[in-house]
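Let me begin by handing over the structure; questions about it come next.
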């Protein structure tokens, strides 16, 4: 099979640049930007040692959270609305039935900065909560934090209304086995971090000013519910670190705060492909990636453009993806053809010549279609301004020939 004219396998980078493997002379390198907000912490990634670390402005984030091979992390802008993400002894956090003991064990960023929640000896709810007035009614938010078991295994994240005992949004997380117990929410996830830490998240729709509550729970039973009162022993507890509240249906990478809310700006990557040898209206693209989630509208995953027409892979608010072209008589050429799960590894490819388009996913034929109009000769590859789906890129290849369906299936089955 022919050698690609461009191959990006995330490994080498510097400020404002991600290096391609092919070509090796720099013509295939991607330009990268992620501006910083003055006076606020920068973005974070999971490094090769499994630790969370801050990354400077305009430096690409090669993320190792999915294994030993890095991926290029590209996310949308997001803001952590909790002003103190690590200091739970601050007055912005209020407690009932527990105390906060600061800096008790090593955190996911390798510093001694995680706090321990210790239940008192009363028979009440043992909880910590923060009142946030900046949320908008009827919008989707996600609350996340890192948690580690102590003498207690169960942590509950819940959301109330104008009183922290109101409402019914909650999820119970078992920090002993990494499972989610009963709850009531739009979505909930628990993901292993390192050294017995888990990232726990709950997505929900707000109705008013909300209280966001973290509580210790006893061992779960089938009847366990929100804010379950129990008899504390005065010494038992668990550890927490890195709380984040963002207006999104998914939990993004950690945005640290220390006294004020903080914003991570959008990752933007592009490649000027105009100097590459191409055949007019003929290209094959192979993309190995991990979708990170699905927001409330449709977004470009990646766009391939000639400056006038473009061909793009889009993600929707559900787990649908399609191939869409502008400047063509046909619009949704492969509409909702892919059903993908957030966090799953996928390889997709499409190949076109003139008005013929073939599409493959993980070794299987998805569709063959004939849109009206010429598909573009690629001169630019984009994941840039506006709303782009959060994605982790593992590999991107471009060929300047028209593949058979069998060849496409082989490319997506072996990559």
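The values are calculated or read from the model by the stated rules, or taken from the named source; none is laboratory data. The model shown is predicted, which means the values in this text are computed figures rather than measured ones. FYI the Cβ positions are ideal-geometry reconstructions off the backbone, even for glycines, and counts take in every protein chain you see.
Mind checking whether some residue in region 236-247 is outside the structural domain of residue 63 (by TED's automatic domain parsing), over 28 Å from residue 17 (Cβ atoms), assigned to a loop (DSSP other than H, G, I, E, B) and touching a residue at least 24 places away in the same chain (Cβ under 8 Å)?
Yes.
So for region 34-55 (the condition being in contact (Cβ under 8 Å) with a residue 12 or more places away in the chain, over 18 Å from the mean Cα position of the chain (by Cα) and buried (at least 20 other Cβ atoms within 10 Å of the Cβ)), does at least one residue qualify?
No.
Of the numbered conditions (1) in contact with a strand residue (DSSP E or B) (Cβ under 9 Å, 6 or more places away or on another chain); (2) modelled with pLDDT under 85, residue 372 satisfies every one except a single condition; which is it?
Of everything listed in (1) in contact with a strand residue (DSSP E or B) (Cβ under 9 Å, 6 or more places away or on another chain); (2) modelled with pLDDT under 85, residue 372 misses just condition (1).
Does residue 216 satisfy the criteria of being touching a strand residue (DSSP E or B) at 6+ places or on another chain (Cβ under 7 Å) and either at pLDDT 85 or above or in a loop (DSSP other than H, G, I, E, B) (or both)? Before you say what the answer is, go through the steps one by one.
Values: touching a strand residue (DSSP E or B) at 6+ places or on another chain (Cβ under 7 Å): yes; either at pLDDT 85 or above or in a loop (DSSP other than H, G, I, E, B) (or both): yes.
Yes: the conditions hold for residue 216.
Among the residues of region 130-160, which ones are at pLDDT below 90 and within 19 Å of residue 228 (Cβ to Cβ)?
Within region 130-160, 158, 159, 160 meet the criteria.
Here's another thing I want to ask about it. Consider residue 99 carefully, then state whether it is in the same structural domain as residue 240 (by TED's automatic domain parsing), without any contact (Cβ under 8 Å) to a residue 60 or more places away in the chain and farther than 14 Å from residue 243 by Cβ.
On the way: in the same structural domain as residue 240 (by TED's automatic domain parsing): yes; without any contact (Cβ under 8 Å) to a residue 60 or more places away in the chain: yes; farther than 14 Å from residue 243 by Cβ: yes.
Judged against the criteria, residue 99 is a match.
Which of the residues spanning region 15-31 are closer than 30 Å to residue 241 by Cα and not in a loop (DSSP other than H, G, I, E, B)? I'd like the intermediate steps shown before the answer.
Here is the first cut: in region 15-31, the residues closer than 30 Å to residue 241 by Cα are 15.
Within region 15-31, none qualify.
Now for a separate question. Name the single residue, out of those in region 185-204 being modelled with pLDDT under 90 and assigned to a loop (DSSP other than H, G, I, E, B), that is farthest from residue 250 (Cα to Cα).
194
Check region 113-135 and report whether any residue there is without any contact (Cβ under 8 Å) to a residue 40 or more places away in the chain and not in a loop (DSSP other than H, G, I, E, B). First the steps, then the outcome.
Initially, region 113-135 is screened for residues without any contact (Cβ under 8 Å) to a residue 40 or more places away in the chain, giving none.
Looking for residues that are without any contact (Cβ under 8 Å) to a residue 40 or more places away in the chain and not in a loop (DSSP other than H, G, I, E, B), one finds none in region 113-135, hence no.
Hey, does region 177-184 have a residue that's assigned by TED's automatic domain parsing to the domain that holds residue 120, out of contact with any strand residue (DSSP E or B) (no Cβ under 6 Å at 6 or more places or on another chain), on the phi > 0 side of the Ramachandran plot and part of a loop (DSSP other than H, G, I, E, B)?
no
Could you tell me whether region 90-101 includes any residue that is surrounded by fewer than 19 Cβ atoms within 10 Å (Cβ to Cβ), closer than 18 Å to residue 199 by Cβ and in contact with a strand residue (DSSP E or B) (Cβ under 6 Å, 6 or more places away or on another chain)?
In the first step, residues of region 90-101 are kept if they are surrounded by fewer than 19 Cβ atoms within 10 Å (Cβ to Cβ); the result is 90-92, 94-96, 99-101.
Subsequent filtering for residues that are closer than 18 Å to residue 199 by Cβ retains none.
No, region 90-101 has no match at all.
Looking at (1) over 24 Å from the mean Cα position of the chain (by Cα); (2) loosely packed, with under 15 Cβ neighbours inside 10 Å; (3) farther than 20 Å from residue 197 by Cα, which is the one condition that is false for residue 131?
Single failed check for residue 131: (2).
Looking at region 45-83, which of its residues are part of a strand (DSSP E or B) and more than 26 Å from residue 381 (Cβ to Cβ)? Don't jump to the end; show me each part of the working.
Within region 45-83, the subset part of a strand (DSSP E or B) is 45-46, 52-55, 61-63, 71-74, 78-80.
Once the filter is applied, which keeps residues that are part of a strand (DSSP E or B) and more than 26 Å from residue 381 (Cβ to Cβ), region 45-83 yields 52, 53, 54, 79, 80.
A follow-up question, please. So, residue 8, is that one closer than 26 Å to residue 250 by Cβ, touching a residue at least 24 places away in the same chain (Cβ under 8 Å) and within 16 Å of the chain's Cα centre (by Cα) or not?
Numbers: closer than 26 Å to residue 250 by Cβ: yes; touching a residue at least 24 places away in the same chain (Cβ under 8 Å): yes; within 16 Å of the chain's Cα centre (by Cα): no.
No; evaluated as a whole, the condition is false for this residue.
Check 38, 24, 20 and return the single one that is more than 25 Å from residue 135 (Cα to Cα) and at pLDDT below 90.
Details: 38 fails: more than 25 Å from residue 135 (Cα to Cα); 20 fails: at pLDDT below 90.
Only one candidate passes the filter, namely 24.
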